[in-house]
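Contents: one structure, followed by commentary.
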Amino acid sequence: MTEYRRYQDAYGPLFADVVAVAGTQNYNGVLVPRDANHTIYVQRIVGAITTHSDGKSWTFQDTAGTPVPIHTYGDEVVADVIQPGLSVDFGPRGTPLTQGASLDIRGSAAGLAGRIHIEAYQKLTGVGVPA
């Protein structure tokens, strides 16, 4: 069992697979916590970009009152070669979103397309009164 899986099994796994089309800018509620007392920890974001346009980007952010971005993907240029792949690894513990917040993908403008896979877990971080 991997370290990533240990966190997922201990706290509650969350996965998302998004088919992003070039004409759509935003994807809301890609990952949603169980309730306001849970925090989502994003471990990995991996994508295969099939269509990209210069100057376009995706920002992965939470839904807090003032959204907190965890990663922005845009055209990565290395030695004048566009690298259309998307991969960010926050390690087994992951990077937390704001407690109770969901994960959204915000596009700067339409133009990026591909498939995005996100791995995460959710952990009880607040104390609440049972409903």
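Any read-out appearing in this document is the output of simple, stated calculations on the displayed coordinates, not a laboratory observation. The model shown is predicted, which means the values in this text are computed figures rather than measured ones.
Here are some notes:
- Take every Cα pair under 8 Å whose residues are at least 6 apart in sequence, average their separation, divide by the length of the chain, and the relative contact order is 46 percent.
- Percent of C-alpha pairs per 5 Å bin in the range 3-124, short distances first: 2, 12, 22, 23, 18, 13, 7, 3, 1, 0.
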